[in-house]
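A quick write-up on the structure given underneath.
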Amino acid sequence: MNPVLEIVAVCKKFSGVVALDDLKFTIEEGEMRGLVGANGAGKTTLLNVIGGQVMADSGIVRIAGLDVAKFSPWRRAGLGLGRTFQESRMWADLTTAEHFGIAIDASRRIAGRAAPNHAVDDICSLVELPKVMLERMPAQMRLLDRRRVELAMATLNASNLLLIDEIGAGLDVEEARMLYRLIARLIDRRCVRAAILVEHKLELLAAFATGISLIENGKASQHADCKDAARLALLMSSMFGHRSDAAAEVLQQRKGLQ
Amino acid sequence: MSELVAIIPMFSISLVLALSCYLVLKSGEISFGQQAFFGVGAYAGGILTAMFDWPLVAALAVSAVAAAAVAGVIGFSLSRISGFRFTLMTLVLGEFAKEVFVKIEWRREVNGQAAGPEGPLGFSGIEYYYSHGIQHLAQGLIAASVAAGCLVAVWVYGRTGPGRRLVAVASDATLAASVSIDPVRTRLQAFAMAGAVAGIGGGLFAHQATYIEAANFSLMVGVHAVAYTLLGGLANVLGPVAGTAFDVVFLEGLRVVGSYRMVVFGSLIVVMLILRPRGLLGTRTRTVP
Amino acid sequence: MLLTAVEGLAYGGLYALLGLGFFLTYGVLRRIDLAYGTVVMTSVYLGAMMVGGLGLPWVGVLALTLVVGIPLSLLVAYLAFVLVRQDARFSMAATLGIWMVLEELMLQSPGRGRGQAIVNPLQDLSWWPWGLQIRIDHMVILGLALAVAGLLTRFLTRSRTGLAIRVSAYDASVAALLGISHARMMVLATVIASAVGCVAGWSFAMAQSGIDLHFGMWATVKGLVILVLGGTQSIALIVTAAIGLGVAERVGSELIGSGYRDLVGYGLILALLAVEPFLRPGETRFGDSR
Ligand SMILES: Nc1ncnc2c1ncn2[C@@H]1O[C@H](COP(=O)(O)OP(=O)(O)OP(=O)(O)O)[C@@H](O)[C@H]1O
Ligand SMILES: [Mg+2]
């Protein structure tokens with residue numbers, strides 16, 4: 001079986017600034033891979049290169065074995081790639097129900113009749129969205145509910161891979177944890193095959209991810225399996241530098257959050 | 001009463017063109033070139049009835065198809081650009097089309113008389129209504145029912161998949177693409193449909209006016225149609241109806257302001273954009289329950 | 001042929017002046033003013049009408065044009081860009097409303113929208129190098145355009161006021177921090193843009209020995225096209241694009257026949273605009289990023 005995602009030698013420069021530098025990266029079925037790294041390390045750019053929002057200068061991006069590096073974003077989405085964005089994004093003058101209607105319609109058009117016939121009710125329960133939200137406009141919803149809607153829309157298309165960019169930003173830890181539980185459940189239920197999570201709060205990743213990659217200077221410099229406490233500690237200590245006590249603290253919190 | 005009947009055809013034709021602009025505006029762009037497709041429809045429809053004795057309905061259908069085809073070709077590029085460049089390109093398209101219309105020259109013997117467009121002299125003798133004995137009331141009825149048909153078509157379009165996708169693309173194309181909507185194709189469909197609607201309007205216009213020339217398809221015509229829609233609002237298809245009614249019935253039909261109509265209309269647009277930018281009918285806003 | 005190319009240079013000079021006006025309004029102020037050409041036309045038209053009525057010398061036209069044009073531009077800017085603030089597209093639509101009003105007012109004016117004659121002091125003066133007839137007034141327009149371009153470049157890059165305008169247009173709050181009055185800078189830039197436009201309109205009208213209503217929208221379209229072709233990065237590019245378009249249009253219509261001049265001109269521009277989205281690199285494709 002092909003890996004869900006395979007990235008080989010991807011480079012991306014923004015007018016001279018190197019954002020991704022000969023990056024190599026693989027995601028297998030069932031994985032929930034956390035991405036960490038300093039601000040400006042290139043995490044969002046990596047997701048954009050996978051999703052097609054940004055075209056790589058060179059390199060290969062394979063989704064389920066197919067090189068999509070030259071495909072436009074909507075075609076990649078049609079190949080089972082869903083994503084949420086770092087900033088919350090919804091269509092400003094459409095209700096939640098209309099959002100779902102459009103996303104369902106679009107995914108069925110791409111996948112043809114073979115696509116699962118999602119009902120709006122199922123989607124709501126999938127992301128635990130209260131029904132009253134269906135008639136609301138984005139401006140009338142709090143951030144947590146908007147994030148639920150975005151997650152649901154991404155999932156509708158993401159039979160292969162879900163890309164999540166800092167979905168917890170601006171929410172408190174408790175709310176963020178709720179969202180990550182939903183994502184973990186999506187993978188358990190095989191709604192999506194794998195997910196990539198960009199998140200600054202390491203304790204959340206340690207609790208929910210199966211593995212963590214550190215992005216530094218546009219390269220995936222280290223990987224650690226979340227079961228491998230020693231490697232995890234190593235990754236964290238290289239991330240925090242001298243503050244190695246912070247790493248121990250994170251590992252402590254991990255149990256409590258799960 | 002008879003005055004009202006007299007303005008029905010003009011109102012209907014203006015409304016059809018405004019609906020075309022409404023479709024483009026729904027995609028988040030302003031087109032000042034819909035009069036080009038209006039002109040394509042007018043020439044196509046006129047040529048078919050005046051030179052080849054086609055029935056009106058078939059001629060209008062071809063008007064729509066021809067204008068949609070032209071819109072589809074130009075839309076291949078237009079659907080990939082947005083904002084100011086889009087508007088500029090439609091503006092240039094309109095001026096270019098006008099220059100092309102001046103050059104259309106095609107004469108043909110029909111029932112012993114030469115018919116067809118005569119280049120800079122225009123295209124006269126589109127006398128389908130006259131030769132088929134269609135009177136004023138019937139003309140109004142034809143125009144009104146065609147306009148109503150376009151209205152319903154645009155309304156239905158807005159409530160089905162392509163129309164909804166269009167709103168999504170207009171609102172945030174990146175988000176739309178991330179749920180596997182092709183933004184370019186969605187916009188292209190809308191643009192071709194807008195072209196078809198304008199083409200039908202042009203076909204109606206040619207038969208109503210019996211004489212057309214390039215000057216009928218000037219920028220002013222396109223700008224008016226956009227202004228009607230902005231005036232009425234983009235909330236739903238009633239926006240263009242309200243805007244068109246205001247200008248055609250109130251300012252022109254009733255001749256309230258005499259020869260300063262354009263001055264009043266232009267000022268009105270500015271004032272509306274300052275005071276009520278969402279148009280007479282506003283756009284949908286919902287309050288928190 | 002060569003002669004046509006030289007004539008094209010003069011048109012290029014005119015386009016350059018128009019392009020510079022748009023460079024200031026769009027490139028610096030971020031405004032799309034579709035009434036720009038019409039404001040210029042109105043000013044020249046009124047100037048010509050008054051001078052004709054009062055029997056003033058030819059410089060009077062330029063002076064009156066500026067006297068009418070600058071306040072009118074400020075009024076347009078205030079209405080369309082200060083009072084209409086919701087959306088740049090709405091501002092653009094408002095400028096079209098203003099365009100309508102002005103053009104119609106000119107039709108209703110004592111001039112009745114008919115062409116107004118303007119005395120050309122350099123008429124019939126020509127220069128004959130290598131057996132070519134070159135009109136002096138054409139060369140004056142070209143020289144004027146290059147001079148204005150040079151002055152503007154110096155002003156925007158070297159002078160404190162020029163920098164202040166750019167900072168202020170870029171971010172009003174940054175400008176406020178630096179003690180620059182945003183409103184004053186906007187007014188100043190509008191005045192300069194308007195003055196450049198008035199000079200362009202006047203010199204064009206002079207070379208044509210008259211002005212009519214068509215000039216308004218024609219100038220706007222040409223100015224915007226130059227802006228698109230030349231980009232908003234540098235004045236030198238704008239001038240190059242303008243002169244290139246001027247020459248290409250003249251030579252093109254000479255090759256195909258003068259009856260097709262506007263057809264060729266607009267067709268050329270349309271083709272350029274149409275292929276442009278396909279020439280840009282992948283990442284700026286529509287819908288990929290915003
Ligand atoms: N569209 C763009 N144009 C120019 N530069 C960009 C663009 N997008 C990203 N960059 C640059 O690329 C680098 C990587 O940015 P990126 O957004 O991927 O970082 P990140 O890891 O997601 O950071 P953060 O944690 O702040 O979200 C940064 O230096 C950024 O300035
Ligand atoms: Mg980021």
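The values are calculated or read from the model by the stated rules, or taken from the named source; none is laboratory data. All values reported here derive from a predicted model rather than from experimental measurement. Because the Cβ atoms are built from the backbone with ideal geometry, glycine has one as well, and the counts that use them run over all protein chains shown. Remember, those area values only see protein heavy atoms, side chains included, never the ligands or the DNA or RNA. Shrake-Rupley method; radii C 1.70, N 1.55, O 1.52, S 1.80 Å.
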Looking only at other chains, what is the average number of their beta-carbon atoms within 10 angstrom of each beta-carbon in B:75-85?
5
B:L238 accessible area, 1.4 Å probe, all protein chains in place, Å² to nearest 10:
100
Carbon-plus-sulfur fraction of the accessible area of the protein assembly as shown, 1.4 Å probe, in percent?
61
So what's the net charge close to A:L66: Lys and Arg +1, Asp and Glu -1, counting the other residues with Cβ under 13 Å from its Cβ?
+2
Shape call, segment B:55-209: gyration tensor on alpha carbons, a/c limit 1.5
oblate
What does the helix-only formula give at 222 nm for the protein assembly as shown: each DSSP H stretch with n ≥ 4 adding -39500 (n - 2.57), the total divided by the residues, and the result rounded to the nearest 500 deg cm²/dmol?
-19500 deg cm²/dmol
Interface size C-A, as summed buried accessible area [1.4 Å probe, Å², nearest 100]
500
With every protein chain left in place, what is the accessible area per residue of segment B:2-275 in square angstrom, probe 1.4 Å?
35
Anything losing 50 Å² or more of accessible area from the isolated chain to the full protein assembly: pick those residues out of segment C:195-234, probe 1.4 Å, ligands and DNA/RNA ignored.
C:V228
Accessible surface of C:L107 in the full protein assembly, 1.4 angstrom probe, to the nearest 10 Å²?
70
What order do A:R147, B:R159, C:R31 take when sorted by accessible area (1.4 Å probe), most exposed first?
B:R159, C:R31, A:R147
When chain B is treated as a Gaussian network with springs between alpha carbons less than 10 Å apart, the largest mean-square fluctuation among B:N236, B:N111, B:N216 is found at B:N111
Report, in whole Å, the centroid distance computed from the Cα atoms of segment B:136-170 and segment B:1-45.
11
Please say if chain A is rounded, prolate or oblate, where rounded means a/c under 1.5 for a ≥ b ≥ c the square roots of the C-alpha gyration tensor eigenvalues, and otherwise the choice is prolate for a/b larger than b/c and oblate otherwise?
oblate
Residues hit by the 20 Å² burial cutoff in segment C:50-97, accessible area with a 1.4 Å probe, assembly against chain on its own, are C:L79, C:L83, C:V84, C:Q86, C:R89, C:F90, C:M92, C:A93, C:A94, C:L96, C:G97
Other protein chain Cβ atoms within 10 Å, averaged over every residue that makes up A:48-55:
4
Hey, got the average number of other protein chain Cβ atoms within 10 angstrom for residues in B:261-270?
6
Which whole-Hz ³J(HN,Hα) couplings does segment A:195-201 yield from phi under the Karplus relation 6.51 cos²θ - 1.76 cosθ + 1.60, θ = phi - 60°, glycine and proline marked x?
9, 10, 10, 8, 7, 7, 7
Report the label-to-label distance for A:D121 and B:A138 in nanometres (one decimal), using points 7 Å from each Cα along the Cα→Cβ vector.
5.6
In terms of the Cα gyration tensor, with a ≥ b ≥ c the square roots of its eigenvalues, is segment B:1-99 rounded because a/c is under 1.5, prolate because a/b exceeds b/c, or oblate?
oblate
Skipping prolines and chain starts, which residues have an amide H placed within reach, meaning under 5 Å, of the one on A:L5, given they are 5 or more residues away or on another chain?
A:I27, A:A64
Charge dipole of segment C:134-290 about the Cα centre (unit charges at C-beta), most positive-ward option of C:L156, C:V228, C:T190:
C:L156
Accessible area lost on pairing C with B, both sides, 1.4 Å probe, Å² to nearest 100?
4400
Taking placed amide H atoms and a strict 5 Å upper bound, the residues 5 or more places from A:M32 or on another chain that come that close are A:A195, A:T210, A:G211
When the solvent-accessible surface of protein heavy atoms is calculated with a 1.4 angstrom probe, in what order do A:D145, A:D188, B:D182, A:D105 fall, highest first?
A:D188, A:D105, B:D182, A:D145
Highest GNM mean-square fluctuation among A:V18, A:V49, A:V68, for chain A with Cα springs under 10 Å, belongs to A:V18
Interface B:A - total buried accessible surface [probe 1.4 Å, Å², rounded to 100]
2300
Ordering C:L146, C:L24, C:L279 from largest to smallest accessible area (1.4 angstrom probe), what's the sequence?
C:L279, C:L146, C:L24
Under 17 Å Cα-Cα from B:K98, which lysines qualify once same-chain neighbours fewer than 8 residues away are excluded?
C:K222
Considering only A:A111, A:A64, A:A92, give the residue with the highest GNM mean-square fluctuation for chain A, with springs between Cα atoms whenever their separation is below 10 Å.
A:A92
The aspartates and glutamates whose Cα lies under 13 Å from the Cα of A:K70, excluding any fewer than 8 residues away in the same chain, are A:D57, C:E283, C:D288
Per residue solvent-accessible surface (Å²) - chain A, probe of 1.4 Å
42
Measure nothing but the geometry: give the 0 to 90° angle between the long axis through the Cα atoms of B:136-159 and the longest principal axis through the Cα atoms of chain B, rounded to 10°.
30
DSSP-assigned coil residues among GluC sites (Glu not before Pro) in segment A:1-39, each with at most 16 further Cβ atoms within 10 Å
A:E28, A:E29
Solvent-accessible area of A:R136, probe 1.4 Å, all protein chains present, reported in Å² to the nearest ten, please.
40
Candidate lysines - alpha carbon under 19 Å from A:K227, same-chain residues fewer than 8 apart omitted:
A:K201, A:K255
Given the C-alpha centroids of segment A:56-70 and segment C:202-256, what is the distance between them in whole angstrom?
45
Could you provide, to the nearest whole Å², the per residue accessible area of segment C:219-258 with probe 1.4 Å?
34
So what is the relative contact order of chain B, in percent, for Cα pairs below 8 Å that sit 6 or more residues apart?
33
